[in-house]
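What follows is a single structure, written as structure tokens, with notes after it.
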Amino acid sequence: MEDLLRIMEILRGENGCPWDREQTHESIRGNFIEETYEAVEAIDKQDTALLREELGDVLLQVVFHARMEEETGSFSFGDVVHDICHKLIIRHPHIFADVQVQNTDDVLTNWEAIKNQVKGTKTQTERLRAVPAVYPALMRAQKVAGRAAKAGMDYADAAGAWKDLQSEVRELEAAMAEQDSAHIEEELGDLLFSAVNVARHLGVDSEYALSRSCEKFIDRFEQAEMLAGEQGISMQEASPETLDSLWKQAKKNVNSGR
């Protein structure tokens, strides 16, 4: 760890790398997000060698940002480590103090209560607004809806969420009939939010579910493209009926493991 901190100090130093010296929190903000997603991809692939590499890249981003602040005298990497150690101890009173818990639910309840106390959030609305707006929209929706549910604003069960989803479909259809783009956008957003609520009640991570659907779509598209090539069909020029036929066959082939 000391080697990594020293390397970053050198790179940012007077005779260091021009690129590294020019960077700001804002300029490498996107890098932080990209490296995090690449680490998540390594987890999804169950590739431990890749995960080891990507975790290093994520750690580099942490060190990079901490070094920038150390240069201004704000805080250091050591301060970052101190704060997270302190947070872990405070939020695990069942380990480091005398609080008794029975199960994971008790742990999470305590965690949330301590978090709210430390952050000074007093109203449920404040807790909803505390969900970062930069989260991917599906992830944010599930977090917001989950916190609203803890405050008592929720459906009785998945059936209630499903009924609301069906209602949102009808409202979107009405907006489409009006051909009002702003209204369509609004109703489509409501539909997606309702779908997230259904996922939440079914115990499904909506962000992960959609990610898997994207992969499934690509697999089926690949199969449809191959079938089109075998039959001498141009997908760009094919009729909707032909494309539908290709898609159904592709779906059948993928499902059968062909």
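The values are calculated or read from the model by the stated rules, or taken from the named source; none is laboratory data. Note that this is a predicted model, so its numbers are computed, not measured. Methodologically, a virtual Cβ is constructed for each residue, glycine included, from the backbone with ideal geometry; neighbour enumeration extends over all protein chains shown. In case anyone asks, the SASA skips ligands and DNA or RNA and just uses the protein heavy atoms, side chains included. Shrake-Rupley method; radii C 1.70, N 1.55, O 1.52, S 1.80 Å.
Output the residues belonging to region 137-166 that are open to solvent by less than 30 Å² (accessible area, probe 1.4 Å) and over 19 Å from G203 (Cβ atoms).
If the condition is that a residue be open to solvent by less than 30 Å² (accessible area, probe 1.4 Å) and over 19 Å from G203 (Cβ atoms), then no residue fits.
Just one of L88, L55, L60 is in a helix (DSSP H, G or I), modelled with pLDDT under 95 and under 24 Å from A39 (Cβ atoms); which is it?
Just a single option satisfies the conditions, and that option is L88.
Determine whether region 115-124 contains at least one residue that is surrounded by 14 or more Cβ atoms within 10 Å (Cβ to Cβ), free of Cβ contacts under 8 Å to residues at least 40 places away in the same chain, under 26 Å from A66 (Cβ atoms) and out of contact with any Ser or Thr (no Cβ under 7 Å at 6 or more places or on another chain).
yes
Among the residues of region 70-90, are any out of contact with any strand residue (DSSP E or B) (no Cβ under 9 Å at 6 or more places or on another chain), surrounded by 13 or more Cβ atoms within 10 Å (Cβ to Cβ) and under 30 Å from A151 (Cα atoms)?
The answer is yes, given that some residue of region 70-90 is out of contact with any strand residue (DSSP E or B) (no Cβ under 9 Å at 6 or more places or on another chain), surrounded by 13 or more Cβ atoms within 10 Å (Cβ to Cβ) and under 30 Å from A151 (Cα atoms).
Filter region 12-35 for residues that are assigned to a helix (DSSP H, G or I) and either open to solvent by 60 Å² or more (accessible area, probe 1.4 Å) or aromatic (F, W, Y) (or both); which is farthest from S74 (Cα to Cα)?
Step one: filter region 12-35 for residues assigned to a helix (DSSP H, G or I), giving 12, 18-22, 29-35.
Remaining after also requiring either open to solvent by 60 Å² or more (accessible area, probe 1.4 Å) or aromatic (F, W, Y) (or both): 18-19, 21-22, 29, 32-34.
Values: P18: 23, W19: 22, R21: 18, E22: 19, R29: 19, F32: 20, I33: 23, E34: 26 Å.
Residue satisfying both the conditions and the ranking: E34.
Residues checked against (1) touching a helix residue (DSSP H, G or I) at 6+ places or on another chain (Cβ under 7 Å); (2) closer than 30 Å to A149 by Cβ; (3) part of a helix (DSSP H, G or I):
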site: A209; (1), (2), (3): yes, yes, yes
site: R220; (1), (2), (3): yes, no, yes
site: Q223; (1), (2), (3): yes, no, yes
site: S234; (1), (2), (3): no, no, no
site: D244; (1), (2), (3): no, no, yes
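Kindly provide the set of residues from region 217-254 that are within 30 Å of the chain's Cα centre (by Cα) and of a type in the set (S, T, N, Q), ordered by number.
Q223
For region 195-207, state whether one or more residues are open to solvent by less than 90 Å² (accessible area, probe 1.4 Å), out of contact with any helix residue (DSSP H, G or I) (no Cβ under 7 Å at 6 or more places or on another chain) and in a helix (DSSP H, G or I).
The answer is no, given that none of the residues of region 195-207 is open to solvent by less than 90 Å² (accessible area, probe 1.4 Å), out of contact with any helix residue (DSSP H, G or I) (no Cβ under 7 Å at 6 or more places or on another chain) and in a helix (DSSP H, G or I).
From the list V101, V169, V107, exactly one residue is assigned to a helix (DSSP H, G or I), in contact with a Ser or Thr (Cβ under 9 Å, 6 or more places away or on another chain) and either in contact (Cβ under 8 Å) with a residue 60 or more places away in the chain or open to solvent by less than 80 Å² (accessible area, probe 1.4 Å) (or both). Which is it?
Testing whether each residue is assigned to a helix (DSSP H, G or I), in contact with a Ser or Thr (Cβ under 9 Å, 6 or more places away or on another chain) and either in contact (Cβ under 8 Å) with a residue 60 or more places away in the chain or open to solvent by less than 80 Å² (accessible area, probe 1.4 Å) (or both) leaves just V169.
Would you mind finding the one in A133, A156, A141 that is of a type in the set (A, V, I, L, M, F, W, C), on the phi < 0 side of the Ramachandran plot and in a helix (DSSP H, G or I)?
A141
Each row is one residue, and each column tells you yes or no for (1) of a type in the set (D, E, K, R); (2) touching a residue at least 60 places away in the same chain (Cβ under 8 Å); (3) over 29 Å from R91 (Cβ atoms).
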residue	(1), (2), (3)
R127	yes, no, no
A141	no, yes, no
A145	no, no, no
A148	no, no, no
G152	no, no, no
Y155	no, no, yes
G160	no, no, yes
E173	yes, no, yes
L188	no, no, yes
